[in-house]
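Here's the structure we're looking at; comments come further down.
What follows is calculated from the coordinates using simple rules that are stated; it is not laboratory data. Predicted, not measured: the structure shown is a model, and the values here were computed from it. Quick reminder, even Gly has a Cβ in these numbers, built from the backbone with ideal geometry, and neighbours come from all protein chains shown.
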Amino acid sequence: MTVITAVIRGLVMLFPTIMMVSMPPAARAITAEEMLADPALETRARTLSKQLRCLVCQNQSIDDSDADLARDLRREVRTQILTGADDQTILIQLRAKYGDYVLLNPPVDRATLALWFAPVAFIALGGLLVLAARRQKQAAPAILDPEDRERVDRLMRQRRQKGRPKR
Amino acid sequence: MTQPRLSFLLPLLAFITLAAVGATALYGTLTGSRTPDQLPSVLIGTQAPQTPLPSLDQSGSGAPVDLGRFRGAPVLVNFFASWCAPCRAEAPALEMLSDRVKIVGIAYKDRANDTMSFLEQYGNPFAAIGMDVDGRTGIEWGVYGVPETYVIDADGTVKYRHAGPLTREVIDQRLMPLIEGGGS
Amino acid sequence: MIAELGHFALICAFILSIVQSTLPLFGAQRGNLLLMLSAPAAAISAAVAVLIAFGALVWGFLQSDFSLALVANHSHSTKPLIYKISGTWGNHEGSLLLWILILVIYGAVLALRGKAMPLAMKARVLAVQGMVGVGFLAFSLFTSNPFLRLATPPLNGKGLNPILQDPGLALHPPTLYLGYVGLSMAFSFAVAGLITGDVDRLWAKWMRPWIMAAWCALTLGIALGSWWAYYELGWGGWWFWDPVENASLMPWLAATALLHSAIVVEKRGQLKSWTVLLAILAFSLSLVGTFIVRSGLLTSVHSFASDPARGVFILGILLVAVGIPLALYAWRGPQLVTAADFSLKSREGGLIANNLLLVVATAIVLLGTFYPLGLELVTGARITVGPPYFDATFNPVMGGLVALMAIGPVFAWRRGSTPRLRAVLIFASAGAGAAMILLLLLASGVSVGATAAVMLIGWLGAGIVTDIWAQIKPGQDATGILGRARHVPRDVIGMWVAHFGIVIFMLGAVGDSLFSSEKVVRAKPGTVIELAGRMVTFSGIRQINGPNYQALAADLAYRDKDDNIIAVLSPEKRIYNAERQSTTEAAIRPTIMGDDYAVLGDGDNKIGFTLRLYYKPLVSWIWGGAVFMAFGGLIAATGRQRAMRRHAANQQTHLASERGS
């Protein structure tokens, strides 16, 4: 279980992290004073901020929010960056204080295995159902044109409803 | 007929699962067993953070507040602020509690003068008061709003956190059992 | 008095809906003409009644009648007129009444038109529609009565949330509801079809205009909501994977699958059980969306004041309105299956894949939205499923769908590829390659996801253009381009336009996310800021006295390289008097190539003001793409009407002659 978890965790962390690190940051509720002098560090700070939830807002990241707590957490992130901590450490530290709830990207562990597995499972299940249905549907060759077949079906139904014997 | 019957049942089963989640959640919300605005504290079961804080007292000087001083008996840690309206509402409750257990107050993002005025007006139930001027101690504790109250047992382990003003119910049902339970 | 009249009208509508949902079913079962005719009669009368009720409520808001609890809680006498009117639906009770109004109007329209449909069918469809009406009218009358009076009316009301005091409020909810509620028509057709078993090509033909109308409205409604969030919330985002946004996306995904699936039923008589299921699912997801917004179970910027007690009622409606049809589907669904007469490598196969991918995408959004709640109930743990999750799971599935979009329509019905397919594959690949090269030239350090998106844009764009060219290029018989174009059926043109709308949408999304520039500064009046080739001069701050607010506005003069003034933007910070809330009004200068977006932050003249300036290339293409999609749908919908009526008329004569024998 742990090996699979680790692999998934790795793959899953990779995707959004790459997506975010390489995109130019869009400043949201930030003020000029909060920004770090070094643009590379500031980029890191914004990327991290976009992965952290503002706990007193309705579904916003601390990067987007104007709330006081968001501002404090943004400052905390930058303080940590300046002390040389790497991204994972900062996220782990905040997670240790506020729980998984503060991460906008749900962690990969036993509790969220279903969440992360589900998309693949859905596709596989759907594909299997479609293929299974086809194997069984291939039974009768199509003698009639679909339009004609429907007219026959409708007539049969009407006759049945009126109690006439099928001819 | 020709299609496996089961696949036609799947949508219904999926819906029933979803409805069950919704129904359980609603039931919990209506009976009060579910408290969505209370974030469970991650610190529960761990040692309380030991960050010493500059103390507030009438002369403005004093030894820094250190939780280690209170080992040996349960203690409450209450985050409050002069600008926090619900904190005023819970002041009487804290007064009453202070007879039974020591309470350490942490003034969260507040100014010394404002804190002192607040205490003069609403009473001072605290055995010691620390000043968390920039909110960093709050982050240490996982505070996300004021007021918040933590129950620390005799060994210094965090046992419980209540976010929001203390009510009679919370005190009787949650805090007192832990305080009277005493130790670990 | 007027409010009481409205209340009485609502009660009448409730009773009429009960009639509409019961009598016609007996009538259709027994062939009783009079009972069947009660359906259109009840539907039209119910619509009139709800119209009266709604009018009464709007009147109450217009007159600022603070003896009405709803008006007192959500309105104020100084509110501008347009917000007094549109404020009618800026709250739970009023928006619910709007929902009901649109529901009964749809029913009335079917009652008045749809003459090609046999009465028995129409009676059943209207009966199901009536049942939905009964549920929601009961919800309104028993738990969310908009006409409640206050014993002691206040002198003035509490006002409307300033964020809602915006033209968006006038447009977004009605358009969105036209979509949500429009799906109830397809739902009614599906349930009526399940009851009788008459799910066939005619059934699909009758259903299509309703699906198209709902889908177009829903597309526009979601786009409006996204655009509104963009300019109102003040940080330039346009989609947040918020539960309420997800609540609108899920029906849209299902409706998209539905409209494609219905094509197959109409043209080939295949995929019937799929289509019935999708019709039920699409409206069920609308109802689930209602549940999300109004039960308070999920936190959202958008939700109305939460009331779990109301949530229980909606859950009840859901259990009946979704549970029963799905049970009916489990029982009757297998009977709808016809033997497949097509290979998987065909247009039918492509549309099955389309259905599959869209349903999977819907399931992902549904799971992500409800997982935190489910986990909390089971283990007590609190997690957040935010944008990063959906970006990692939903985007790849939609990417697959976009890839399919270029080649699916080029396959032939029943089996095999067309000569067009090879051309499309070649040019689509070339398009993808060209797009990637262009991207590498213009940007560096782009992520895997973004690169894939850009390649898909090239793939789909080139694929569509190739398909168009293949069909309108001058033929061997010397007909010109225009001649051939005139012969292309309207629904094909609609498809091209709608699919191209996706290309435009993706260009907007990619342009904004990859190529935006921003500057955040603390500026005093006189400062000049450089952004994306413009020089922005912060001239100063001035005070504004609005109709019901006070504001500070910053004047920003944008100049180009030759020092000509391009524009003056004036972002504001407003404080609303009655509601005592503040908002930030971003100043936006939209152009086709990009938006200039300016936000005023805190500060004063001594230390300066925080200014956030953005340049967002192609961002309006996001909503432009959605408009294109809706327009394509409109083209496709109108094309079918004439052909449909002619065909239906032929069918009627055929059936009539057969019944006689």
For region C:177-289, inverting the pair-averaged 1/r of distinct alpha-carbon atoms gives a Kirkwood value in Å of 14.3
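Would you mind giving the mean number of other chain beta-carbons within 10 Å of the Cβ of each residue in A:120-130, as a whole number?
On the way: counts 2, 2, 10, 9, 1, 5, 8, 3, 1, 6, 8.
Averaged over the peptide's residues, the number is 5.
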Simple SL model, points at 7 angstrom along Cα→Cβ for residue A:157 and residue C:550; separation in nm is 7.0
Which value at 222 nm does chain C reach when only helices count, each DSSP H run of 4 or more adding -39,500 (n - 2.57), with the total divided by all residues and rounded to the nearest 500 deg cm²/dmol?
-> -22500 deg cm²/dmol
Counting only residues 5 or more apart in sequence or on a different chain, those whose built amide H sits under 5 Å from that of residue A:65 are A:29
Taking H as built 1.01 Å from N, whose amide H comes closer than 5 Å to the amide H of residue C:344, not counting residues under 5 places away?
-> none
With x for Gly and Pro, the residue-by-residue ³J(HN,Hα) of region C:532-541, computed from phi through the Karplus equation 6.51 cos²θ - 1.76 cosθ + 1.60 at θ = phi - 60° and given in whole Hz, is 6, x, 10, 10, 9, 9, 7, 6, x, 10
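Dividing the alpha-carbon Rg of chain C by 2.2 N^0.38 Å yields what? Before the final figure, lay out each step's value.
On the way: Rg = 26.9 Å, N = 661, 2.2 N^0.38 = 25.9 Å.
So chain C has a normalised radius of gyration of 1.04.
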Enumerate the amide H contacts of residue B:41 below 5 Å, restricted to partners 5 or more residues apart or on another chain; note that Pro and chain-start residues carry no placed amide H.
-> B:161
Highest-first arrangement of C:558-570, C:484-496, C:116-128, where packing means the average Cβ count within 10 Å = C:116-128, C:484-496, C:558-570
Give me the angle, in degrees from 0 to 90, between the Cα long axis of helix B:112-122 and the longest principal axis of the Cα atoms of chain B, rounded to the nearest 10.
-> 80
Partner chain Cβ atoms within 10 Å, averaged over the residues of A:59-67 - can you pull that number for me?
-> 5
Inter-probe distance in nm under a simple model that places probes 7 Å from Cα toward Cβ, at residue C:155 and residue A:33 = 4.0
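Could you work out, residue by residue across C:388-398, how many beta carbons of other chains sit within 10 Å of that residue's beta carbon, and then give the average as an integer? Walk me through the intermediate numbers first.
Working: counts 14, 9, 1, 5, 10, 8, 1, 2, 3, 3, 0.
Averaged over the peptide's residues, the number is 5.
Report, in listed order, any pair from C:122/C:272; B:109/C:606; C:84/C:573; C:524/C:616; A:97/B:109; A:97/C:524 with a Cα-Cα distance greater than 27 Å. Each step should come with its number before you reach the end.
On the way: C:122/C:272 19 Å; B:109/C:606 24 Å; C:84/C:573 22 Å; C:524/C:616 24 Å; A:97/B:109 18 Å; A:97/C:524 39 Å.
Those over the limit are A:97/C:524.
Using R₀ = 22 Å, calculate the FRET efficiency as 1/(1 + (r/R₀)^6) where r is the Cβ-Cβ separation of residue C:379 and residue B:47; round to 0.05. Numbers along the way, then the final one.
Working: r = 24 Å, r/R0 = 1.09.
It comes to 0.35.
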Once residue C:415 and residue C:564 are pulled to full extension, the length gained, defined as 0.36 nm per residue separation minus their Cα-Cα distance, is 47.5 nm
Along the positive direction of the dipole of the protein assembly as shown (beta-carbon charges: Lys, Arg +1; Asp, Glu -1; about the Cα centre), which of A:102, A:119, B:160 reaches farthest?
-> A:119
For the pair residue C:543 and residue B:99, how long in nm is the line joining their label points, each one 7 Å along Cα→Cβ?
-> 5.4
Under the Kirkwood approximation applied to all pairs of distinct alpha-carbon atoms, what is the hydrodynamic radius of chain B in Å?
-> 18.3
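What's the local net charge at residue C:158, with K and R +1, D and E -1, over the other residues with C-beta under 15 Å away? Walk me through the numbers before you get to the answer.
Details: positive: C:79, C:84, C:580; negative: C:65, C:93, C:579.
Computed value for this residue: 0.
Across all directions of projection, what mean area in square nanometres is found for the Cα convex hull of region C:539-611?
On the way: hull surface 24.3 nm².
One quarter of the hull surface, i.e. the mean projection, equals 6.1 nm².
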In what order do B:84, C:216 fall by count of nearby beta-carbon atoms within 10 Å, going from fewest to most?
-> B:84, C:216
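For the peptides C:180-191, C:81-92, C:244-255, C:311-322, what is the packing order when you average, over each peptide's residues, the other Cβ atoms within 10 Å and list the highest mean first? Please list the in-between numbers first.
Numbers: C:180-191: 27.9, C:81-92: 21.1, C:244-255: 25.2, C:311-322: 19.3.
Packing proxy ranking, top to bottom: C:180-191, C:244-255, C:81-92, C:311-322.
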Would you compute, for the Cα atoms of the protein assembly as shown, the largest minus smallest coordinate along each principal axis and list the three values in descending order, in whole Å?
-> 107, 66, 63
Segments C:608-616, B:65-73, C:446-454 sorted - mean Cβ within 10 Å per residue, highest first = C:608-616, C:446-454, B:65-73
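Relative to the present Cα-Cα distance, how much length would full extension add between residue C:344 and residue C:67 at 0.36 nm per residue of separation? Spell out each step's value before the answer.
Details: separation 277, 0.36 × 277 = 99.72 nm, distance 6.43 nm.
Fully extending the segment from residue C:344 to residue C:67 adds 93.3 nm.
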Which of C:225, C:123, C:179 sits closest to the plus end of the dipole of the protein assembly as shown, meaning its Cα is farthest towards the positive end, when Lys and Arg get +1 and Asp and Glu get -1 on the C-beta?
-> C:123
